[in-house]
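Undergrad: Just passing along the structure, written as structure tokens.
Every read-out reported here was derived from the displayed coordinates using simple, explicitly stated rules and does not represent laboratory data. The shown structure was predicted, so the numbers you read here are calculated from the model rather than taken from an experiment. Every residue, glycine among them, receives a Cβ derived from its backbone with ideal geometry; neighbour counts consider all protein chains shown.
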């Protein structure tokens with residue numbers, strides 16, 4: 001066999017393999033990866049959340065109240081899974097793990113909470129607004 005003929009056969013074989021394996025994935029809109037089918041007993045952990053920004057009015061072990069920019073106060077429940085974070089570690093002297101008692105009234109916060117039961121997932125102290 002001559003060299004150009006071998007090259008043409010190799011190109012044809014490569015095109016056939018690509019057409020049979022890669023192209024169906026693109027045609028279906030996929031990336032070519034495997035699609036995982038959920039187990040019948042799999043639990044759907046997706047929970048819709050909402051976000052609230054404003055000034056922390058009061059906080060206790062069980063709830064917090066935030067006043068938004070329009071002056072409306074909203075109370076959100078806290079539980080043992082609520083995470084406390086900060087945008088500015090200097091607010092808490094570099095403390096790594098924050099808790100309810102680290103947050104005081106007057107802080108600007110963003111609260112991420114579950115829409116259904118209004119329990120906070122995360123409370124984050126925001127950087128103070130510049131005057």
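Undergrad: Run the quick spin-label model on residue 97 and residue 122: label points 7 Å from Cα toward the beta carbon, then report their separation in nm to one decimal.
TA: 1.9 nm
Undergrad: Working out 0.36 nm times the residue gap between residue 114 and residue 67, then minus their Cα-Cα distance, what length gain in nm do you get to one decimal?
TA: So the chain would gain 15.1 nm between residue 114 and residue 67.
Undergrad: From the square roots a ≥ b ≥ c of the eigenvalues of the alpha-carbon gyration tensor of the range 50-125, which class results: rounded (a/c under 1.5), prolate (a/b over b/c), or oblate?
TA: Note, shape of the range 50-125 comes out oblate.
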